[in-house]
1. Does A:Ala83 fit the bill of being more than 17 Å from A:Gln12 (Cβ to Cβ) and either within 11 Å of chain B (Cβ to nearest Cβ) or in contact with a helix residue (DSSP H, G or I) (Cβ under 8 Å, 6 or more places away or on another chain) (or both)?
2. What number goes with the only condition from (1) more than 9 Å from every other protein chain (Cβ to nearest Cβ); (2) without any contact (Cβ under 8 Å) to a residue 40 or more places away in the chain; (3) part of a strand (DSSP E or B) that B:Val14 does not pass?
3. Specify which of the listed residues (B:Arg822, B:Arg884, B:Arg874) is crowded, with 24+ Cβ neighbours inside 10 Å, modelled with pLDDT of 95 or more and of a type in the set (Lys, Arg).
4. From A:Leu15, A:Leu27, which residue is farther than 27 Å from A:Leu187 by Cα and within 10 Å of chain B (Cβ to nearest Cβ)?
5. Residue under question is A:Val212, and the condition is that it be surrounded by fewer than 22 Cβ atoms within 10 Å (Cβ to Cβ), hydrophobic (A, V, I, L, M, F, W, C) and within 30 Å of A:Pro114 (Cα to Cα); does it hold?
6. For the structure I just gave you, tell me whether B:Ala76 is modelled with pLDDT of 95 or more, farther than 27 Å from B:Thr815 by Cα and facing chain A (nearest Cβ under 9 Å).
7. Right, A:Ala6: under 24 Å from A:Tyr146 (Cα atoms), of a type outside the set (D, E, K, R) and either buried (at least 22 other Cβ atoms within 10 Å of the Cβ) or more than 7 Å from chain B (Cβ to nearest Cβ) (or both) or not?
Amino acid sequence: MIEYRAGGTDLQQRLRSGVSQGRIVELHGEPGLAGIVLASGGARIGALTRIAALAEDRGIQAAYPALASAAATLATPQIRAMATVGGNLLQRTRCWYFRNPAFSCFKKGGDACPARHGNHLFSSCFDLGECVAPHPSTLAVALLAYDAHFETKSGQARPIEALYGNGSDARNDHQLVQGDVLAAVVLPAPAERERAAYRRAIARASAEWPLVEAVVRLALRDGIITAARVAVGAVAPVPLRRMRSENALVGSRADRQSLEAAASEAADGARPLPMTHYKRALLTATVLDALEHACR
Amino acid sequence: MELSAPTSGDLVEVNVLVNGMPCKVAVSAEDSAVELLREGLQLTGTKLVCGEGVCGACTVLVDGIPMNSCVLAATALDGRSVTTIEGVGAPLHPVQQAFIAHDALQCGYCTPGFVMEAIAFYDCWRAKHGTKQPTRAEVVEGLSGHLCRCGAYVGIIVALRAACEGRFDHPVAYGPRMEAVDKVTGRALFTTDVRERGQLEGVILRSPHPHARVVSVDLSAASALPGVAAAVQLLPDGAKVRYVGQEVAAVAAIDRRTAKHALALIRVVYEPLPAAVGVDAAKARGAPRVHPRFSLSAPRAAEGPRVPARWRGNVHDTFDGLSFKAGKARKLIAAARTRQDPLLIEKRWQADVQIHTAFEPHACVACWSGDALVVYASTQAAAYVSQRIAKHLGMAKEKVRVIAEHVGGGFGAKLDLSAEAIAAIELARVARASVRVVLDRQEEMTVGGYRPGARIHLALLARPSKLEALQVAAYADAGVAVGSQIALLARMIYPAAAKALSDFSVASHQPPGKPFRGPSGPVTAWALEQAVDEAAARLGLDPIALRRRWDPDPLRGRLYDWAENLVLWRNRPAPGSERGRYRRGVGAAAANWIYFFQKDCEVEVGVDKGRIYVATAVQDVGTGIRSVLADAVARTLGLPPTQVDVRLGDTQLAKGPISSASRSTATLVPSAVQAALRLRTKLERRSLSWKLAPDQIGSLHARSGRPRDVRRASSAARPLAGTGFFGLLTRAGFNFFLKLGVGRGYTGAVHVTEVEVDTRLGTTRVLNVAAGLAAGRLAAPELARSQCYGGIIQGIGYALYEHREVDPSSGVVLTSGLEDYRIPGIGDVPEIELHFDQRGFAHAAGASVGLGELSTLGVAASIGNAVHNATGWRPLHLPIRPDRLLEGTTR
């Protein structure tokens, strides 16, 4: 198996532990894969753009504040300086069974998920496939909320949802075909005067994988929500859009009652594992938190 | 596209500018930058701790930007400029000076990483803002990618803010910790940094089974691998392994990669046996036995002497030995239960396992020279370990020398001869070369040690004027280890008419727990101090006022006075008054601890080559004992401390104490003072002065053991007094087996803590901690403060974040890195106010008693009480995780 190396922040850990035995292919130095281009029609972010560069980009901060906020919140300053946007989107799961060389699992070519009947405290509460590990990419949640597309070296341009599938594929962290390489993500222009927020639930002050995370976007006219996007992470094998929450928001006033009603729809369809029931309540809470922040 | 595609094992040449020097280094494709720096260039100032980009200890500047060298590919350095800690500091950078002046470090293992990040922050800040002071929040955000297990964050924040403000732009010579210069420059040599000529790397093969018999071990293929110098069996054929991770065999080879390859070639035949992973499985009917009946061989998770016990299945039962009218206590509580006495507080408490995870892992370098052995060890007990090695190998004591110049934290996990040392010694003997064995983080998190988990059934019968009766049954989960003092410690603080105290350990097929800073203490306080809080609520009394009624100790009485007058305490919200999403709460907890000193130690003070020195084989684990010794001698002789050299961490010196049970200061300060006085007498008798030229004095020294405490004229209580036969036995055990003196008087602590609970997301943020601590005169006030800050921060970790998780069927530790095992970060540090009451130990030789443990005991309990004050919900299960808080508060 080939392991592509960009920032290396994920791969080096797996090489050290022995979980990765792959042949390494370096991506760095490839021209045209790094950098942010903003235009009136939207933004194009090269896959090798560093996360810190994304977080600090003034244009991104202005047009896509929840993306900038997500980028600025994830991991630590050093990791953000090293890791790339593409690497974040395509990183392997953080499941502690996957990361531990003592276990076999679907994502290591095995035929069982040891977390499902083992200790799955940080696993999904949407049981969408045989693997119960939540997808770790924070940027994916933001890009999903921003209706982003991804482009590959082979020339494909598809919606970000297609990068991950519906969560039923237990073996892969993403749906790129072997040999293809992510080139960029492309964001359409934001709505006029839209508001957005990224929020995460963590135990400590910072530098922690979220228990639940959410990105919301709201377009308001005269206090009425005219468009909404709600995307959540750390709860399912793929980042999820919460259409029922969005539908509840559109057409209603941005008041406490409707935000709470919309947030309560976010956990619709959740099927927690024995140890992840808390994530259902936390999901509703995190979405509400993001909605309130967006309305501030 | 494919710029370079080296396959594993092939070497690639990297051209990199390191600290301004062009270097060509051959690296493997999978190597990280930290290996290039530490192994390739032997720049050992950069430390490897987590290996997964979490803790920041390995941070270096790459083209001026801080990066984690543990997760940065070595090949990525090609054509780049790297600055390591060795590249700064001549002269000292203002940031380094600030770290020294504000004591922004303890063990020093994370320090180089912090310094590099802080320098980058400083440079950037000064370029943008000049000498404007950054806010606390800005500094915290800038350093949020760094962890410190000792909890030196308070000093770090102050230091960086002061440096940015320009307060250290001109050299400042002063710092309270004499080895700080070595630690902020990366020059301090830890065991992991030792490199002898021809040194080999050793790695350990560990059991994948929680319970199995080792049928056979075939080392032949591993031994035959090119580059392998030795392969040894650590367990004999037929022996049992009792936990995943137990050491079975070891290999030494020219480098770590070769040694790891060789491990995979060792063929072990196991006969798997039924296992009991965790307390529930171990207590189940028909559970496999972990230890044979009547076994005395189980490792110890507590520091006290072995007390009489019997086995009931896997339950190790200590006969309620230290109870006091146990039958009466049970009767009183049963009657209260029957009549539904509202003043009976009875609950079941629980605590998850807390892992020590010192940043320097367990590490050892063994070197034989003829029949003599030199061992570099990351240990809290150099002198004791050297004795244990001699005994283990059947050697004369003088032939074994243990060196521990700097130790990157211990917290109780490094008190004994452990497997990595035995492996290094055996491998070095076979290989006839020096061998280094360093545990990786996963090994450290699995077998390095942990505070046992606990389940406590505590019933307390309250009366307004006194504690009527107390019943505690505590079950400790220390894996294959036994020994727990949770119930026993409930004996020490509030007198009662009757107490029934039972300590059990439940043996299961898990790695052994070890003593951890104040063994059992924080757990006892978690249950007892919350029960007292509950009693105060039911009696309608102020919780501190109730403690004053119940607790006759004069020393804690003064701490209660201090606590009651805190604005923090007086402004605490009325119960139930906080109703919004964010709820503020304030809680208090009291604790006490025994004053220990070690009886078989000596300190030597002498003159050598015109310099005064003080020498003893103690080790500095981050407490700053060097400065404590230098100050004691300097004060006695009327010299500035800078004129006193300190020699320690070497068993060729006078026998030093184990760095545990808060004993070092109480043991060494009086001995050092006495030895200094003797030296002065010797000099005076010869009409000499240490100010003379070296050749006029020659070499002269004096030694002293610890002078006795004042025997009478002390109103201080004698610990364990009135505990009958078992109490006598315990005291005798301390005395004769552990050489540990139990002094008169308890040290005391009162913690008052303010939290803010986010009832929506389930998080608890500690805003303020005020700690009143009474442990006699402070031998070194600034170092005492640092140690107490660290104890409080570790207590916050225990209260809110830290919990080991295990796979229930295999017993594999899942929280095997600092990503999943969460220790407090710099953003989790509250404002901390320390109040020291220095009276009460005039009878103690030296008048100073240890406070490393005292400072952490009541932290979790005070947070529990604060959360209750904020939310009305009583947390019973440690830590107070978001999921538990949400479940509790929304029920």
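1. On the way: more than 17 Å from A:Gln12 (Cβ to Cβ): no; either within 11 Å of chain B (Cβ to nearest Cβ) or in contact with a helix residue (DSSP H, G or I) (Cβ under 8 Å, 6 or more places away or on another chain) (or both): yes.
Criteria not met by A:Ala83.
2. (2)
3. Details: B:Arg884 fails: crowded, with 24+ Cβ neighbours inside 10 Å; B:Arg874 fails: crowded, with 24+ Cβ neighbours inside 10 Å.
Of B:Arg822, B:Arg884, B:Arg874, the one residue that is crowded, with 24+ Cβ neighbours inside 10 Å, modelled with pLDDT of 95 or more and of a type in the set (Lys, Arg) is B:Arg822.
4. On the way: A:Leu27 fails: farther than 27 Å from A:Leu187 by Cα.
Residue meeting the stated conditions: A:Leu15.
5. Working: surrounded by fewer than 22 Cβ atoms within 10 Å (Cβ to Cβ): no; hydrophobic (A, V, I, L, M, F, W, C): yes; within 30 Å of A:Pro114 (Cα to Cα): yes.
No, not satisfied.
6. Values: modelled with pLDDT of 95 or more: yes; farther than 27 Å from B:Thr815 by Cα: yes; facing chain A (nearest Cβ under 9 Å): yes.
Spelling it out, B:Ala76 is indeed modelled with pLDDT of 95 or more, farther than 27 Å from B:Thr815 by Cα and facing chain A (nearest Cβ under 9 Å).
7. Values: under 24 Å from A:Tyr146 (Cα atoms): no; of a type outside the set (D, E, K, R): yes; either buried (at least 22 other Cβ atoms within 10 Å of the Cβ) or more than 7 Å from chain B (Cβ to nearest Cβ) (or both): yes.
The answer is no for A:Ala6.
Residues are listed down the side, and each one gets a yes or a no for (1) assigned to a loop (DSSP other than H, G, I, E, B); (2) of a type outside the set (S, T, N, Q):
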{"residue": "B:Thr446", "(1), (2)": "no, no"}
{"residue": "B:Leu458", "(1), (2)": "no, yes"}
{"residue": "B:Leu461", "(1), (2)": "no, yes"}
{"residue": "B:Ala469", "(1), (2)": "no, yes"}
{"residue": "B:Ala473", "(1), (2)": "no, yes"}
{"residue": "B:Val480", "(1), (2)": "yes, yes"}
{"residue": "B:Ala487", "(1), (2)": "no, yes"}
{"residue": "B:Arg491", "(1), (2)": "yes, yes"}
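The values are calculated or read from the model by the stated rules, or taken from the named source; none is laboratory data. Only a predicted model underlies this, so the values are computations on that prediction, with no experimental measurement involved. Here the Cβ is made from the backbone with ideal geometry for all residues, glycine too, and neighbour counts use every protein chain on show.
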